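Trainee: To start, I am sharing the structure in question, which I have written as structure tokens.
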Amino acid sequence: MKNNFINFVITLTIAIILSQFLPWWHVMVAGFVSALFFSLKGTAVFFIPFLAIFLFWIVYSFWLTNANDFILAEKIAVLLPLGGSWPLLLLVTGLIGGIASGVAALLGNQC
């Protein structure tokens, strides 16, 4: 339990710091590094970094898109087959980032 929380916090901290300097793939670096130094067991290797980045990307996307009253998010949700639903777009965004981080964490654990 303690390792899970430490890995969650480290992944989140690295992702927040790297988001200022790197493009979207910084979440993979965060997941990889956290799993490399703080090993987890079983399915937690995938799901702890997944959850950390999933929550980070949803909150960060909400914060960014709230600045323009969700206008751009609604337009992008219309382009994608999401029916113009910006909350669904934020959910899909979180899933993509979470999966990328979880897979990178699996690789970091194997290294």
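Trainee: Any idea how many residues of the range 53-73 are touching a Gly at 6+ places or on another chain (Cβ under 8 Å) and buried (at least 16 other Cβ atoms within 10 Å of the Cβ)?
Mentor: The total comes to 6.
Trainee: Restricting attention to the range 74-95, and to residues there that are among the hydrophobic types (A, V, I, L, M, F, W, C), assigned to a helix (DSSP H, G or I) and free of Cβ contacts under 8 Å to residues at least 12 places away in the same chain, which single residue is least open to solvent (accessible area, probe 1.4 Å)?
Mentor: Leu88
Trainee: State yes or no: is Lys41 of a type outside the set (A, V, I, L, M), open to solvent by 70 Å² or more (accessible area, probe 1.4 Å) and assigned to a loop (DSSP other than H, G, I, E, B)?
Mentor: So Lys41 fits the description; yes.
Trainee: Additional query: Of the conditions (1) closer than 16 Å to Leu106 by Cβ; (2) open to solvent by less than 40 Å² (accessible area, probe 1.4 Å), His26 satisfies every one except a single condition; which number is it?
Mentor: (1)
Trainee: Inside the range 1-38, can you point out the residues that are touching a residue at least 24 places away in the same chain (Cβ under 8 Å), outside any helix (DSSP H, G or I) and more than 22 Å from Val92 (Cβ to Cβ)?
Mentor: Of everything in the range 1-38, just one residue is touching a residue at least 24 places away in the same chain (Cβ under 8 Å), outside any helix (DSSP H, G or I) and more than 22 Å from Val92 (Cβ to Cβ), namely Phe38.
Trainee: Just checking, how many residues over the range 58-83 are more than 11 Å from the chain's Cα centre (by Cα) and within 29 Å of Met1 (Cβ to Cβ)?
Mentor: 1
Trainee: Being without any contact (Cβ under 8 Å) to a residue 60 or more places away in the chain, aliphatic (A, V, I, L, M) and more than 17 Å from Gly98 (Cα to Cα), is that true of even one residue in the range 60-70?
Mentor: yes
Trainee: Could you grab me the full set of residues in the range 96-111 that are over 18 Å from the mean Cα position of the chain (by Cα) and surrounded by 15 or more Cβ atoms within 10 Å (Cβ to Cβ)?
Mentor: none
Trainee: Here is a further query. Checking the structure you have, find out if any residue of the range 46-57 is under 30 Å from Ile10 (Cβ atoms), assigned to a helix (DSSP H, G or I), more than 14 Å from the chain's Cα centre (by Cα) and of a type in the set (A, V, I, L, M, F, W, C).
Mentor: For the range 46-57, residues under 30 Å from Ile10 (Cβ atoms), assigned to a helix (DSSP H, G or I), more than 14 Å from the chain's Cα centre (by Cα) and of a type in the set (A, V, I, L, M, F, W, C): absent.
The values are calculated or read from the model by the stated rules, or taken from the named source; none is laboratory data. Every value quoted in this text rests on a predicted model; they were computed, and no experiment measured them. Note that we place each Cβ from the backbone using ideal geometry, even for glycine, and neighbour counts take in every protein chain shown. Just the protein is used for accessible areas: all its heavy atoms, side chains included, with ligands, DNA and RNA removed. Shrake-Rupley method; radii C 1.70, N 1.55, O 1.52, S 1.80 Å.
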